[in-house]
Amino acid sequence: MGKATGVGSIVVGVIMVLLGIGAFFSGEAASETSQGKMVVGFIIILGLAAIYGGVTANQKAATQAKQAQQATQATQFPQATQYRQTMEPPPPPPDAVATGFCPYCGRGIQADFVVCPFCGKSTKSICPKCGKQVQKDFVACPYCGTVLKSA
């Protein structure tokens, strides 16, 4: 009912605005007097108000329909809501404070993590000479000075 009422109000409003504009520019004697201009202006304002009312009625009806659909889906498929909730990554343990970021996915991770727990990619590498763990973006090993990659 709201959608039909909204569309009807928009149509009536557009007709009123067009009639008002037509009367204003028609050159008729009635539209040339101050009283005639007030009537024409009033018709245009009423038309704009009808258009506004129709648009807001349509928006309200669409919002109510969407809310009703979501409520129906939530009651018919409660497991879908639970599934969406489980798809988010678990929060980090309280003692795990992010001290760095994964160079691939950008999420906060602990500095001593070798593999990002979110994307599964390796965040560090091993120096080929001394065997110590170094970060992937290091150009040289900080322990033995071996050049790891060209600058």
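The values are calculated or read from the model by the stated rules, or taken from the named source; none is laboratory data. Computed from a predicted model, the values in this text were never measured in an experiment. Please note: Cβ atoms are built from the backbone with ideal geometry, for glycine as well, and neighbour counts cover all protein chains shown.
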Checklist entry - Does Gly6 satisfy being surrounded by 12 or more Cβ atoms within 10 Å (Cβ to Cβ), at pLDDT 80 or above and in a helix (DSSP H, G or I)? => result no
Item to check | Identity of the residue in segment 24-61, surrounded by 13 or more Cβ atoms within 10 Å (Cβ to Cβ) and among the aromatic types (Phe, Trp, Tyr), that ends up farthest from Gly6 (Cα to Cα) | outcome: Phe24
Checklist entry - Only one of (1) surrounded by 13 or more Cβ atoms within 10 Å (Cβ to Cβ); (2) touching a Pro at 6+ places or on another chain (Cβ under 8 Å) fails for Asp137. Which number is that? => result (1)
Checklist outcome for this item: (1) at pLDDT 85 or above; (2) in contact with a Gly (Cβ under 9 Å, 6 or more places away or on another chain) all hold for Cys141 apart from (2)
